[in-house]
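Asks: There's a structure below that I have some questions on.
The values are calculated or read from the model by the stated rules, or taken from the named source; none is laboratory data. Note that the structure is predicted; figures quoted are calculated from it, not measured. Every residue, glycine as well, gets a Cβ built from its backbone with ideal geometry; the counts of neighbours run over all protein chains shown.
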Amino acid sequence: MTELGSTAADQAALLPTTHRLATSDIIISRTFGPGRRQEHARDSSLRSAVAVSVQLRRLDNLRIRHNGWIVSEGPFERGALAIADLRQRWDVEYLSRYDEMQFRIPLARLEAFAGEVGRPEFVGLACPLGFRDDVVLGLARALLPALEAPEQASPLFIEHISLAMLTHLTQCYGGLHFSTSARGALARWQEKRATEILAAHLDRQLSIATLAEACELSRSHFIKAFKESFGRTPHRWLMEYRTSRAKALLPGDIPIADIALACGFTDQSHFSRVFRAATGVTPGQFRQEANRGDAVCGTVAA
C-alpha cells in the first residue's frame, strides 16, 4: 500500500523485487523490499498447495491473519518459518523491510513423495508461525545463485535441494519418521509389504499376526521393528493413513458419513474425533475451507 500524495518514484521504490525459479512441480521465489506491502492474491490454482516461507533476514514487523483472525504480529527472526495450507485464507502485511524465500509445493507432490519413501500416512504440514529452522534457511540460501541466474542453474542441483527440502519438511513438520539406523527396523521389502497390506485393508480389521506373517517375523519382533521403522505402532500408522485418505475425499459432495465408513472409521463421530485431533479442524470445517477455494496471502503467495 502507498500513502496519499506520494510521487510515482516513491511508489515505485515500495514495489517488491521478486526472483522466481520453477522445478517440474515446485515454485521457488525470493521476494524482498522496503516494507509497507499488503498482499491480496486470489488464485483457485492454489487450493491444493502449501507455501513454506523462510526469512532470509530479520523482519521487524509482520502481521498475519488466518481466516480473518490475527495469528501473528511482530518481528520474524532470520530463519523463521511460516507454513500455510493455501486451501485456507491468509492475509499478510509486511510493515518493515523484508527478504524472504518461498517454496510453493503442491499437496499432490508431498503425498507422492511420502508414498515413494514408503510413508503414505502423510496428513499435511504444520509448524508454529515464526519457528526458526536453520536447515530450511541453509537450503534456501544454497539456491540464491540459481535465483539470480536461473538460465545458468543446474536442474540436477535444484532437484537435489528440492528433495532435501521435501525430506526435511515431511519428517519435521509432517509427522513422517525415517529410521536413522537399519538395526532393529524392518527391511525395505518388509516396510513396503506391511504398508501395502494396511492400505489395502483400510476399511476392515486386520490382525498383527497377519502382518507379521507377511513379513516373516514373529508378532513381538514385528511390532518392535515396525515402530523402529515408522516411529509409531501399526494401529497409529493406520489411523493417520485413514485420515490422509479422508482428506483427499472431503473436497466435493460425498456424504461425510460415507467417507468415514469408506476410510475404516466405526462411525462419523469416531471419524470426527480422530480427524480433529490430527488436523485441528472437524471434517465439515475442512470441507468448507477446501471447497471455498479462496486463498488470500502474502507470505503464502508472494
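Asks: Suppose we filter the stretch 256-290 for residues that are over 22 Å from HIS177 (Cβ atoms) and in a helix (DSSP H, G or I); how many remain?
Replies: 22
Asks: Pick from the stretch 67-86 the residues that are over 28 Å from ALA22 (Cβ atoms) and not in a strand (DSSP E or B): which of them is modelled with the highest pLDDT?
Replies: GLU77
Asks: ASP253 is checked against (1) under 30 Å from TRP90 (Cα atoms); (2) assigned to a helix (DSSP H, G or I); (3) out of contact with any Cys (no Cβ under 7 Å at 6 or more places or on another chain) and fails just one. What number does that condition carry?
Replies: (2)
Asks: Taking the criterion of being more than 26 Å from the chain's Cα centre (by Cα), surrounded by 13 or more Cβ atoms within 10 Å (Cβ to Cβ) and either outside the structural domain of ASP267 (by TED's automatic domain parsing) or among the basic types (Lys, Arg) (or both), would at least one residue in the stretch 200-207 satisfy it?
Replies: Within the stretch 200-207 (the criterion being more than 26 Å from the chain's Cα centre (by Cα), surrounded by 13 or more Cβ atoms within 10 Å (Cβ to Cβ) and either outside the structural domain of ASP267 (by TED's automatic domain parsing) or among the basic types (Lys, Arg) (or both)), the answer is no, since none of the residues qualifies.
Asks: Let me ask another. Inspect all residues belonging to the stretch 99-119 and state whether any of them is within 30 Å of ALA225 (Cβ to Cβ), touching an Asp or Glu at 6+ places or on another chain (Cβ under 6 Å) and assigned to a helix (DSSP H, G or I).
Replies: yes
Asks: When you check SER244 against the structure, is it in the same structural domain as THR195 (by TED's automatic domain parsing), crowded, with 16+ Cβ neighbours inside 10 Å and not in a loop (DSSP other than H, G, I, E, B), yes or no?
Replies: Considered against the rule, which asks whether it is in the same structural domain as THR195 (by TED's automatic domain parsing), crowded, with 16+ Cβ neighbours inside 10 Å and not in a loop (DSSP other than H, G, I, E, B), SER244 comes out as yes.
Asks: From GLY252, GLY231, grab the single residue that is at pLDDT below 85, in the same structural domain as ALA194 (by TED's automatic domain parsing) and exposed (fewer than 14 other Cβ atoms within 10 Å of the Cβ).
Replies: Details: GLY231 fails: exposed (fewer than 14 other Cβ atoms within 10 Å of the Cβ).
Matching residue, one of GLY252, GLY231: GLY252.
Asks: Then there's this: Please go through (1) outside the structural domain of ASP267 (by TED's automatic domain parsing); (2) over 27 Å from PRO128 (Cα atoms); (3) modelled with pLDDT of 90 or more for GLU151 and return the number of the only condition it doesn't satisfy.
Replies: (3)
Asks: Against the conditions (1) over 16 Å from GLY115 (Cα atoms); (2) touching a residue at least 60 places away in the same chain (Cβ under 8 Å), where does LEU211 fall short? Just the number, please.
Replies: Just one mismatch for LEU211, condition (2).
Asks: Where the second residue is polar (S, T, N, Q) and at pLDDT below 50 and the first is over 17 Å from LEU129 (Cβ atoms) and lies in the stretch 274-302, which pairs have Cβ atoms under 6 Å and are six or more apart or on separate chains?
Replies: Correct list of pairs: GLY293/SER44.
Asks: Still on this structure: Among what's in the stretch 93-132 and is among the acidic types (Asp, Glu) and under 24 Å from SER48 (Cα atoms), pick the residue that is farthest from the chain's Cα centre (by Cα).
Replies: Across the stretch 93-132, the extreme among qualifying residues is GLU93.
Asks: Go through GLU116, GLU159, GLU148 for me and flag whichever is surrounded by fewer than 13 Cβ atoms within 10 Å (Cβ to Cβ) and under 17 Å from MET101 (Cα atoms).
Replies: Of GLU116, GLU159, GLU148, the one residue that is surrounded by fewer than 13 Cβ atoms within 10 Å (Cβ to Cβ) and under 17 Å from MET101 (Cα atoms) is GLU148.
Asks: So which of ALA257, ALA262, ALA225 ends up being over 25 Å from GLN171 (Cβ atoms), of a type in the set (A, V, I, L, M), over 26 Å from the mean Cα position of the chain (by Cα) and not assigned by TED's automatic domain parsing to the domain that holds PRO106?
Replies: Numbers: ALA262 fails: over 26 Å from the mean Cα position of the chain (by Cα); ALA225 fails: over 25 Å from GLN171 (Cβ atoms).
ALA257 is the lone residue from the list that is over 25 Å from GLN171 (Cβ atoms), of a type in the set (A, V, I, L, M), over 26 Å from the mean Cα position of the chain (by Cα) and not assigned by TED's automatic domain parsing to the domain that holds PRO106.
Asks: Moving on. Using beta carbons and a limit of 9 Å, which pairs, at least six apart or on different chains, have the first residue in the stretch 155-167 and under 12 Å from ILE26 (Cβ atoms) and the second one among the acidic types (Asp, Glu) and loosely packed, with under 15 Cβ neighbours inside 10 Å?
Replies: Sorted first by the residue in the stretch 155-167, then by its partner, the pairs are SER162/ASP25.
Asks: Find the residue count for the stretch 46-65, including only residues that are modelled with pLDDT under 90 and either under 16 Å from the mean Cα position of the chain (by Cα) or within 20 Å of THR17 (Cα to Cα) (or both).
Replies: 4
Asks: Right, something else. If a residue must be in contact (Cβ under 8 Å) with a residue 12 or more places away in the chain and assigned to a loop (DSSP other than H, G, I, E, B), how many such residues does the stretch 122-154 contain?
Replies: Within the stretch 122-154, residues that are in contact (Cβ under 8 Å) with a residue 12 or more places away in the chain and assigned to a loop (DSSP other than H, G, I, E, B) number 12.
Asks: Mind checking which residues of the stretch 280-289 are surrounded by fewer than 19 Cβ atoms within 10 Å (Cβ to Cβ), of a type outside the set (A, V, I, L, M, F, W, C) and on the phi < 0 side of the Ramachandran plot?
Replies: Going residue by residue through the stretch 280-289, those that are surrounded by fewer than 19 Cβ atoms within 10 Å (Cβ to Cβ) are 280-282, 284-285, 288.
This time we only want the ones that are of a type outside the set (A, V, I, L, M, F, W, C), so: 280, 282, 284-285, 288.
Those that are surrounded by fewer than 19 Cβ atoms within 10 Å (Cβ to Cβ), of a type outside the set (A, V, I, L, M, F, W, C) and on the phi < 0 side of the Ramachandran plot: THR282, GLY284, GLN285, GLN288.
Asks: Taking only pairs six or more apart or across chains, which ones have beta-carbon atoms under 8 Å, a first residue in the stretch 241-266 that is farther than 21 Å from ASP85 by Cβ, and a second residue that is crowded, with 20+ Cβ neighbours inside 10 Å and aromatic (Phe, Trp, Tyr)?
Replies: Close Cβ pairs satisfying both conditions: ALA260/PHE271; PHE265/PHE271.
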